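**Q** One structure follows; several queries about it will come next.
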Amino acid sequence: MRKALPDRRHPFIVQDPGKCILCGRCVRVCDEICGIHAIDFVRRGFVTEIQAPFNRAWQDSDCVSCGACVETCPTGALFDRLALEKFVPVRVKETETVCTLCSFACPIVVETLDGRFLRVRAADGRVLCAKGRYGWQALFERARVTRPFIRRGGRLVASSWEDVSEFLARKLPEQGLYFLLDPGLSEEELALWQGLARELSGEIRIAGQSFGIGSAQNLTGPEALRTADLILRPETLSRFEGFMLALHLRQLLKEGHAVEVVSLDGRKRAMEEAKARVKKAKNPVFVFEARWAEDSLRALIKEFLELNPNLRIFTPQGSLNVSLLQGFSQEIPKDLEALVLVGTDLPSAWRGVLSKARFVLALSPWPNRVSPYVHALLPYGLPLEEGGTFRRSEGTRVMVSKAVLPAGGRGNTEIVEALAHSLRVPLRIENPMNADPKEDAKLYISEASRLAEEILRRRGIKPLR
């Protein structure tokens, strides 16, 4: 008989061989749909099982932890490790929305119980990457900021919203005020914060980094893959956005798109052939992940742009709102007296100016590295708790539905309105600025995406297989 002890070595997937009927659906979806072939039948007869090679933990094999095998399993032999302590029949609410952890914007279904997050699964029979399926679970399992805090006597003390309003009205300086926003904010949130900054004579900054290659008009989104006649990609692809890129390319080839995909492996001859193809192509697209953006890669893209100015650049790891964010400055201020961080941790490049600030206010979903230095800490919601509109680089809008109740009890819009009321200023909504097409391209990765990847790494799901 097959052993019936569940395998719980994977941080998010539990395998129970005692429930397996050896239908092979998980093996087929891993091979034929995902193109991974990480699992297969082992042994024969009554002791046959589904395993990774040499009975390794799945995350230590070629498995990308996409969870497609869990979706297709008909008996529950593969199931997600949830926050529920005991599996009982419950009535969950399912909300169709969009994942905002990268620019692919995959459709997802969020399952909640009494407004609390349970899990994410792919919508419409699609496949998600590990970050899209289990990254949200990792984020919602993290300790959250659920109420306001004020620094008193050298430490942060839980306070009421009324006390915070009075505290901010007294302490927030009127000059040298800067807002450092997370790139994962929606279009509506950007408009609110931009309007508040204008009323307070403050300036907006976005936590991100410059590409150093091309201009904003060279940036594009995943839709460009369907119209491209040449797609160039590095040989190394991650388990996260890289897996989704490979999945999209496989789908394009299955649909019969006349597109040539070139994998750059660093060999001199292959690089020369790639340059020749770029020069002749009408709609070339260069796709890469920001985590591999070394100086050599930047130099290569610059060279490709010189050969063909029509080359478009797509980095799926970037923020979903990349179109709007290109219009904001990244310059680190020299006259900073007060800093308001919204949804983001303090970037390393900003640590030098933190000591100059007379007042620091942080609005964050979680306690972070800047928490010990803030004068006030307020809760702030994740995109699945707020919803909103996001605008891709090619201008198309993506609607994200609210699926989870805010951990702090108040939505982000309500928090911004309360902040404006406490500071006694009107809140006028400003339309977010569009990028100057001649500006240098900028790369933005949201704090939620960065943190989700960091947690997955710590739990054993590493970017590289």
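Where a number appears in this text, it was derived from the coordinates with a stated rule and is not lab data. Just so we're clear, the structure is a prediction, and the values are computed from it rather than from any experiment. Don't worry about glycine lacking a Cβ; one is built from the backbone with ideal geometry, like all the others, and counts go over all protein chains shown.
**Q** So what J values fall out for the stretch 448-459 if you push phi through Karplus, 6.51 cos²θ - 1.76 cosθ + 1.60 with θ = phi - 60°, rounded to Hz, Gly and Pro as x?
**A** 5, 5, 5, 6, 4, 5, 5, 5, 4, 4, 5, 8
**Q** In whole Å, what is the distance between the alpha-carbon centres of the stretch 332-351 and the stretch 384-401?
**A** 26 Å
**Q** Can you list residues from other chains, or at least 5 along the same chain, whose modelled amide H is less than 5 Å from the amide H of LEU230?
**A** GLU260, ASN283, VAL285
**Q** As a footprinting exposure proxy, order TYR373, TYR178 by other Cβ within 10 Å, with the fewest listed first.
**A** Details: TYR373 15, TYR178 21.
If I rank by nearby Cβ atoms, fewest first, I get TYR373, TYR178.
**Q** Once fully extended, how much extra length lies between LEU464 and ASP265, figured as 0.36 nm per residue of separation less the alpha-carbon to alpha-carbon distance?
**A** Length gained between LEU464 and ASP265: 70.1 nm.
**Q** Binning at 10 Å from 0, report for the stretch 124-271 what percent of all alpha-carbon pair distances ends up in each bin.
**A** Answer for the stretch 124-271: a P(r) of 8, 20, 29, 19, 15, 9, 1 percent.
**Q** Compute the distance in nm between two label points, each set 7 Å from the Cα along the Cα-to-Cβ direction, one at LYS334 and one at PHE79.
**A** 6.2 nm
**Q** Give me the extension gain from GLU223 to LYS356: residue separation times 0.36 nm, minus the current Cα-Cα distance, reported in nm with one decimal.
**A** Stretched out fully, the GLU223 to LYS356 stretch lengthens by 43.5 nm.
**Q** Let me ask another. Sort the stretch 1-81 into rounded, prolate or oblate with this rule: let a ≥ b ≥ c be the square roots of the eigenvalues of the Cα gyration tensor; rounded if a/c is under 1.5, and if a/c is not under 1.5, prolate when a/b is larger than b/c, oblate otherwise.
**A** rounded
**Q** Take the alpha carbon gyration tensor of the stretch 223-315, find the square roots of its eigenvalues, order them as a ≥ b ≥ c, and report rounded if a/c is under 1.5; if not, report prolate when a/b exceeds b/c, else oblate.
**A** It comes out oblate by the Cα gyration axes.
**Q** Give the long-range amide H neighbours of LEU264: residues separated by 5 or more places, or on another chain, with amide H under 5 Å away, using H modelled in the peptide plane at 1.01 Å from N.
**A** Amide H to amide H, under 5 Å and 5 or more residues apart or across chains, LEU264 pairs with ARG233, GLU235.
**Q** Separate question: Using DSSP to define loop residues, name the trypsin sites (Lys or Arg not before Pro) in the stretch 324-419 whose beta-carbon has at most 12 other beta-carbon atoms within 10 Å.
**A** LYS334, ARG369
**Q** Based on other C-beta atoms within 10 Å, arrange TRP366, TRP136 from fewest to most.
**A** So the ranking, lowest neighbour count to highest, is TRP366, TRP136.
**Q** Using θ = phi - 60° and the Karplus form 6.51 cos²θ - 1.76 cosθ + 1.60, what ³J(HN,Hα) does each residue of the stretch 263-271 get, whole Hz, x for Gly and Pro?
**A** Couplings: 9, 8, 9, x, 5, 4, 5, 4, 5 Hz.
**Q** Could you tell me how far the Cα centroid of the stretch 229-270 sits from the Cα centroid of the stretch 165-200, in Å?
**A** 41 Å
**Q** Let me ask something else. Would you compute, from DSSP H runs of 4+ residues alone, the mean residue ellipticity of the chain at 222 nm, taking -39500 (n - 2.57) per run and dividing by the full residue count, rounded to the nearest 500?
**A** Helix contribution divided over all residues of the chain: -7000 deg cm²/dmol.
**Q** Oh, and also: Check each of the GluC sites (Glu not before Pro) in the stretch 10-109 and keep only those in coil by DSSP with at most 15 other C-beta atoms within 10 angstrom; list them in order.
**A** GLU85
**Q** Here is a follow-up. Roughly what % antiparallel, to the nearest 5, for the DSSP beta bridges in the chain?
**A** 50 percent
**Q** Would you grab the residues whose amide H sits under 5 Å from the one on LEU443? Only those 5+ places off in sequence or on another chain, please, with H modelled 1.01 Å from N.
**A** Answer set, sorted by chain and number: GLN209, SER210, PHE211.
**Q** Let me see the P(r) profile for the chain: every Cα-Cα distance counted, bins of 20 Å, each bin given as a percent of all pairs.
**A** Answer for the chain: a P(r) of 23, 51, 24, 2 percent.
**Q** Related question: About its Cα centre, what dipole magnitude does the chain give when the only charges are +1 on Lys and Arg Cβ and -1 on Asp and Glu Cβ, stated in debye to the nearest 20?
**A** Values: 67 positive and 57 negative charges, 272 e Å.
With only Lys, Arg, Asp and Glu charged at Cβ, the dipole is about 1300 debye.
**Q** From the phi angles alone, apply the Karplus equation (6.51, -1.76, 1.60; θ = phi - 60°) to the stretch 52-59 and give each ³J(HN,Hα) in whole Hz, x where the residue is Gly or Pro.
**A** Per residue, the Karplus-derived 3J(HN,Hα) values read 7, x, 6, 6, 6, 4, 4, 5 Hz.
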